[in-house]
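Taking it in order: structure first as structure tokens, then the write-up.
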Amino acid sequence: MAQNYFSIVTNVGRNKLALSAAGGEEVTITHFAIGDGNGAEVNPTAASTALVREVWRTQVESVEIDPLNPSAVLVTAIIPTNVGGWWMREFGIFDRAGDMIAVAKPVSQYKSTALEGQLEDIRYEFQIIIGETANVTMLVDPSVLLASRDFVEKRKVPVAQLSLTPWVPVKSMTVTAPPANAAAWDTYVIPNGATGAWAGKAGGVAEWTGAAWNIFVPKDGHGIGLPDGRVFLRVAGTYIEWLASREWVTSRKTPVERLNSLPWLSVQSVTLTAPPAAPAAGDIYLIPAGSIGKWAGQAGKLAEWSGTDWTFIAPRDGHGVSLPDGRVFERIGGAYVEKIAQDVQSGRWVYVEDASPDVNRVVVSPTPALTALTAGLGLRVKAKNSSTGKSVMAVSGLPDKELVRLDGSTLYDSDIVAGGIYDFIYDGAKFRVLSALSTPQLRRPITLHVNAAIGNDANDGSANDAAHAIASIQGAVDQAFAYGPGPYTVTIRVAAATYGRVRIPERVGPTLSIIGDVATPGNVVINGGAGADTFSVYGSNVVSVSGVRAQMIQSGTERSGFISYGQSTLNVDRCETGAIDGASLQAYGGGVINVSNHRFTSSSRFMYRANVGGRISIAGTQTLVGVVPLGSAAAQADNGGVIVASPSNPVTFVNRENLAAGARYRVIMNGLIDTVGGGPNFFPGVGDGATSTGGQYV
């Protein structure tokens, strides 16, 4: 019975292994590749020299002789969680010459990413039967070695290596010299006047690794705890005591000589109904209803033991007492009640409602009114309006103070939502919104304005004026990517000027729409400089751009004008490209470009290039402006790349005769160009097109 799933040595691999076994050059296994079979099951043969469509490649983890079969080699590879989004229908093993030594047909399965629920790395092991022992080795790039799971699980990470420093326990805040016998991971706050390895590091946190001191400076808002229970918070670079311990509160004694003025007092009990048999001099009790003995008929009064007898005091309303457990009672209407606890539970001291008619300005009037703002002040506010960016708050008629995120950065759109309740803490200069900590989420579409003439990248982009406009397109992209992915689009409107290159990051963010001057794209120029892509999109992001011109300083590189990497999608409409080193438009490594109504105004190597699984869809009018020489061809599809003409929006090339040099097309290494019946002269060019090594032109 034929095997459904198998691995075989290719003819190329068998020849190399045979030569190696006969004393020839060793076979050095370097890479493992995955293909999706171009969307279908495949049945590789020994004659195979490449995967049908490769979607991902990595270095092998190990190559060794099978201990149970000396005529076989075991090759292992790891597929990490952060890659995927494609089907696995074919595997290939490659040597350092790039030849496919072995090929396998695995069980067809979809490789999801961590975002799709893949939480563990996948480890594959392959057995290659070589017949006789050849000299097979492995070439490893140290930059891609993986830590073992055992190393990761057992490793202790120094606090200094954490991206965000958690609250940590420390041994001391007063020791000035590094202790000679510190245990590994002991931590200290360095005080003023420290010596030795701590000299000049006051205010920092020192952690002993077992061999040296790691010293780092946490951000304001960081907290530490001492072994005696005290807690300190870092404010303006200094640790201040934030909470006093209960032991300190309950053990504090009010001097007896002050009792004549009847201050608030500590009492032993508020529930004991019979005088204790052996009280200590100065002990005080609040007499409850139903008391007996010497306390009978004295309910609501204070009883103090003088050492020989009980004296009774009838306080006025407003007097207060506290118990050893920390509870506080205030006399109201002749009875003691836990007034502070009741007020805290009700939130009446800190809860206020915003009364401002203005967006991005909160106005509150707590009762009693505040006369000053002090660091540590907390308010719980019900918002009236949703924020759209930088915001301020006015408290009790005092000057406005900026509202910022927990890390001190400017608020983003919808960090505050109308009707929501938020905790604000004053840090001495600004109010920090405690809930504004994680990646903000868009709750509506927003527009950012870019204007190189009047903008500043520190602005919020909410309007096209000097106080709000952003200076660079990249600055607007960075602000947009402060938000996580979601259903809403961030529109970036760009004023006429020349800007630097644009790079959409690998992490997934919101959908972007970048709009320049669609009537005259040359008014909005993106100049990539030399040696870099001008407008590049990474990750699984979706970006639309219109009304801009991409160009660069040509330096002989393969860099492109508009390029989509990985699983990203780039929609290019009513744009133009100037001088470009590589391709004016390129889709690489699974990236997708949809281009419509484009203008080519200067030289490049290719007008369109799709490679390594990239895909370009061409639609509408494609205009050649002036003389446009090409270094290679108008269109090239290689290494599984695909270029297709739109069947619904027919492609028209205007001024074809302006193409001064370059072939019509090149299709190589399993590439595909589909002109939807456009024929061999579909693309402009000086020379005819060509296909080779599995390329198809239809």
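The values are calculated or read from the model by the stated rules, or taken from the named source; none is laboratory data. Quantities reported herein were computed from a predicted structural model and do not represent experimental measurements. Backbone-built Cβ (ideal geometry, glycine too); neighbour counts: all protein chains shown.
Taking segment 674-687 as the range and being closer than 18 Å to Arg605 by Cβ and either charged (D, E, K, R) or out of contact with any Gly (no Cβ under 8 Å at 6 or more places or on another chain) (or both) as the test, only Pro684 passes.
Is at least one residue of segment 368-387 crowded, with 18+ Cβ neighbours inside 10 Å, under 30 Å from Leu323 (Cβ atoms) and without any contact (Cβ under 8 Å) to a residue 60 or more places away in the chain? Yes - at least one qualifying residue is present in segment 368-387. Of all residues in segment 684-696, at least one satisfies being on the phi > 0 side of the Ramachandran plot, surrounded by fewer than 16 Cβ atoms within 10 Å (Cβ to Cβ) and without any contact (Cβ under 8 Å) to a residue 40 or more places away in the chain. Considering only residues in segment 17-31 that are more than 25 Å from Ile78 (Cα to Cα) and touching a Gly at 6+ places or on another chain (Cβ under 9 Å), the one that is surrounded by the fewest Cβ atoms within 10 Å (Cβ to Cβ) turns out to be Ala18. Number of residues in segment 639-686 that are of a type outside the set (Val, Ile, Thr), assigned to a strand (DSSP E or B) and farther than 24 Å from Gly578 by Cα: the value is 2. With respect to the conditions (1) modelled with pLDDT of 85 or more; (2) not in a strand (DSSP E or B), Glu247 falls short on a single one, namely (1).
Of the residues that sit in segment 218-229 and are over 22 Å from Ser435 (Cα atoms) and surrounded by fewer than 16 Cβ atoms within 10 Å (Cβ to Cβ), which one is modelled with the lowest pLDDT?
As a first pass, look at segment 218-229 and keep what is over 22 Å from Ser435 (Cα atoms): 225-229.
From what is left, the residues that are surrounded by fewer than 16 Cβ atoms within 10 Å (Cβ to Cβ) are 225, 227-229.
Working: Gly225: 89, Pro227: 91, Asp228: 87, Gly229: 83.
The qualifying residue modelled with the lowest pLDDT is Gly229.
In a residue-by-residue description of segment 517-528, the property of being part of a loop (DSSP other than H, G, I, E, B) and under 27 Å from the mean Cα position of the chain (by Cα) applies to at least one position. Inside segment 278-322, residues that are of a type in the set (A, V, I, L, M, F, W, C) and in contact with a helix residue (DSSP H, G or I) (Cβ under 8 Å, 6 or more places away or on another chain) make up a count of 3.
Looking at Val404, is it touching a Leu at 6+ places or on another chain (Cβ under 6 Å), in a strand (DSSP E or B), aliphatic (A, V, I, L, M) and not assigned by TED's automatic domain parsing to the domain that holds Thr577?
When the stated conditions are applied, Val404 does not pass them.
Return the residues of segment 438-458 that are under 17 Å from Asp415 (Cβ atoms), without any contact (Cβ under 8 Å) to a residue 60 or more places away in the chain and assigned to a loop (DSSP other than H, G, I, E, B); say none if nothing qualifies.
Within segment 438-458, the first condition is being under 17 Å from Asp415 (Cβ atoms), and the residues that meet it are 438-446, 448.
So of that shortlist, the ones also without any contact (Cβ under 8 Å) to a residue 60 or more places away in the chain come out as 438-441, 443-446, 448.
Ser438, Thr439, Pro440, Gln441, Arg443, Arg444, Pro445 - these are the residues of segment 438-458 that are under 17 Å from Asp415 (Cβ atoms), without any contact (Cβ under 8 Å) to a residue 60 or more places away in the chain and assigned to a loop (DSSP other than H, G, I, E, B).
Residues in segment 39-58 that are buried (at least 19 other Cβ atoms within 10 Å of the Cβ) and of a type in the set (S, T, N, Q): Ser48 alone. Take the conditions among the small types (Gly, Ala, Ser), outside the structural domain of Val642 (by TED's automatic domain parsing), crowded, with 21+ Cβ neighbours inside 10 Å and under 22 Å from Val612 (Cβ atoms) and apply them to Ala77. Does it pass? Criteria met by Ala77.
Within segment 334-348, is there a residue that is assigned to a loop (DSSP other than H, G, I, E, B) and under 29 Å from Ala418 (Cβ atoms)?
So the first thing to find is which residues in segment 334-348 are assigned to a loop (DSSP other than H, G, I, E, B), and the list is 334, 338, 347-348.
Filter again for under 29 Å from Ala418 (Cβ atoms), leaving 347-348.
Taking every residue of segment 334-348 in turn, at least one turns out to be assigned to a loop (DSSP other than H, G, I, E, B) and under 29 Å from Ala418 (Cβ atoms).
Somewhere in segment 287-301, is a residue of a type in the set (A, V, I, L, M, F, W, C) and part of a strand (DSSP E or B)? Checking segment 287-301: not a single residue is of a type in the set (A, V, I, L, M, F, W, C) and part of a strand (DSSP E or B).
For segment 317-332, filtered to residues that are over 16 Å from Pro263 (Cα atoms) and modelled with pLDDT of 90 or more, the residue that is surrounded by the fewest Cβ atoms within 10 Å (Cβ to Cβ) is Asp325. Note on segment 645-692: residues that are under 16 Å from Ala610 (Cα atoms) and not aliphatic (A, V, I, L, M) amount to 12. Within segment 541-574, if we keep just the residues that are part of a loop (DSSP other than H, G, I, E, B) and touching a Lys or Arg at 6+ places or on another chain (Cβ under 7 Å), the residue that is farthest from Val651 (Cα to Cα) turns out to be Met552.
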